[in-house]
Amino acid sequence: MKSFLKIDSDSHFSIHNLPYGVFKTTDNQNSRVGVAIGDKVLDLSVIEKAGYFDSIISKTVFSCGSLNSFISLGKSVWSQVRSKIQRLLSDDSDLKNNLELINRCLIPMQMAEMYLPCEIGDYTDFYSSREHATNVGIMFRGKENALNPNWLHLPVAYHGRSSSIVVSGTQIKRPFGQILDAENKPRFSSSKLMDFELEMGFFIGKENTMGHPIEIKNATDSIFGMVIVNDWSARDIQKWEYVPLGPFLGKNFATSISPWVVTMEALEPFKVEGPLQDPQPLNYLKRKEYNSYDIKLEVSLKIDGSNQPKVISRSNHKYLYWDVAQQLVHHSVNGCKMQIGDLLASGTISGPDKTSLGSMLEISWKGTRPIKFENGIQRKFLQDNDSVVMTGYCQGNGYRVGFGEVEGTII
Ligand code: CA
């Protein structure tokens, strides 16, 4: 399939992708839903008003500031709308000759100001990378106790705060809190150990009734799509506070996400087998299909005063030990109700070697292996005015299905 628009083969937004986002422009301050295509945004509110979705959707869903209304229509509608948009943008589309409509519905991407794509009711953060959990466990508790006894039996998680989830480009204020000084005495201070966490998150697309768990066999029907997540972390606050209830203020001051939601349908061709699970999970968590994805992930760091970002990690979604279906099924196994627009993040995605670590804590190994930049500058953790950029894509045959990027600067 080819688009009538010129799309570079390394563009994240090929006609095979079509991710959804919420945006505004200077000349139209209404936030509305669009789809990324090449270097353009297709304004779905215009397409909707022109009647192109009339045979599929009976109400207006794209003229509002979140994807929740559209998502609530369910998987079959998502799929029909996707096909419709794909046909509209394809080489033999009648849209390509309708210059008046094209002028109104195709907007240069740099003119679109992006917003959070969903109204996020609840946010949960998992801890699904075995490599990350092992690395952090070694640093915090020693090699013998690296993985806690439950880790290989269930996807560990904690409840985060949706109120501090922000879209890419939002500046992140360094948090204050309790940290330990050199004599192990608590003091009030700004965090000295600011970190990022390379993660991916998925949005819930279908609700279950409270008391009724989601089953593994149809778990992915309840997932709408995915984004890249930077779960900012203050390691010194985290280390002092986390016993016994886990992450709290070291985590909930900010979480950044990429603005374009890549649908599970677009990701389908990139499913791969995940890591072998030994011991076998309990029955309710046993995989029925592959739900790991070959998504190449990259983290760059641009330090204060430099214009040159440096790639400091290359990881992959497929390294996750617990896959998206297992995360969702475990979350609802007690009857917990999942709601449309809820965000479930994977936890830091670290890979098997030193080039694929998903946090500064691991890359600098608690500050003992600083990252070296030009002119002898080095970083153990993030300083003010440092920017972190995360990006990721799936490589198809001559095209990409990508996520764009999530950027954040510490202030
Ligand atoms: Ca995290």
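The values are calculated or read from the model by the stated rules, or taken from the named source; none is laboratory data. Computed from a prediction, not measured in an experiment: that's the story for all the values here. Here the Cβ positions follow ideal geometry from the backbone for every residue, glycine too, while neighbour counts run over all protein chains shown. Remember, those area values only see protein heavy atoms, side chains included, never the ligands or the DNA or RNA. Shrake-Rupley method; radii C 1.70, N 1.55, O 1.52, S 1.80 Å.
Counting just the residues of the range 238-248 that are of a type outside the set (S, T, N, Q) and within 14 Å of the ligand (Cβ to nearest atom), which one comes out farthest from K206 (Cα to Cα)? Filtering first and then ranking leaves Y242.
Of all positions in the range 161-172, none carries a residue that is in a strand (DSSP E or B) and in contact with a helix residue (DSSP H, G or I) (Cβ under 8 Å, 6 or more places away or on another chain). Count of the range 156-181 residues, restricted to those that are of a type in the set (A, V, I, L, M, F, W, C), farther than 21 Å from W260 by Cβ and surrounded by 16 or more Cβ atoms within 10 Å (Cβ to Cβ), is 3. The set of residues in the range 343-362 being open to solvent by less than 10 Å² (accessible area, probe 1.4 Å), of a type in the set (S, T, Y) and part of a helix (DSSP H, G or I) consists of S356 alone. Of all residue pairs spaced 6 or more apart or on separate chains, those with beta-carbon atoms under 6 Å, a first member in the range 70-93 that is open to solvent by 50 Å² or more (accessible area, probe 1.4 Å) and a second member that is in a helix (DSSP H, G or I) and not hydroxyl-bearing (S, T, Y) are K75/D221. Mind listing just one residue for me: the one in the range 101-141 that is in a helix (DSSP H, G or I), in contact with a strand residue (DSSP E or B) (Cβ under 6 Å, 6 or more places away or on another chain) and open to solvent by 20 Å² or more (accessible area, probe 1.4 Å) and, of those, nearest to G34 (Cα to Cα)? So the residue we want is M109. Say whether the condition of being over 30 Å from P186 (Cα atoms), away from the ligand (no atom under 16 Å from the Cβ) and open to solvent by 10 Å² or more (accessible area, probe 1.4 Å) is met by at least one residue in the range 320-327. Scanning the range 320-327, I find no residue that is over 30 Å from P186 (Cα atoms), away from the ligand (no atom under 16 Å from the Cβ) and open to solvent by 10 Å² or more (accessible area, probe 1.4 Å), so the answer is no. Apart from one condition, N68 fits all of (1) within 21 Å of the chain's Cα centre (by Cα); (2) closer than 20 Å to G402 by Cα; the exception is (2). For the range 363-392, the set of residues classified as closer than 19 Å to D39 by Cβ and either surrounded by fewer than 24 Cβ atoms within 10 Å (Cβ to Cβ) or more than 22 Å from the chain's Cα centre (by Cα) (or both) consists of V389, T391, listed by residue number. Listed by first and then second residue, the pairs with beta-carbon distance under 6 Å, at least 6 apart or on different chains, first residue in the range 186-199 and among the small types (G, A, S), second assigned to a strand (DSSP E or B), are S189/I179; S190/F176; S191/A234.
Filtered by the rule that a residue be touching a helix residue (DSSP H, G or I) at 6+ places or on another chain (Cβ under 8 Å), over 22 Å from T348 (Cβ atoms) and not small (G, A, S), the range 214-238 gives I214, E215, I216, T220, D221, F224.
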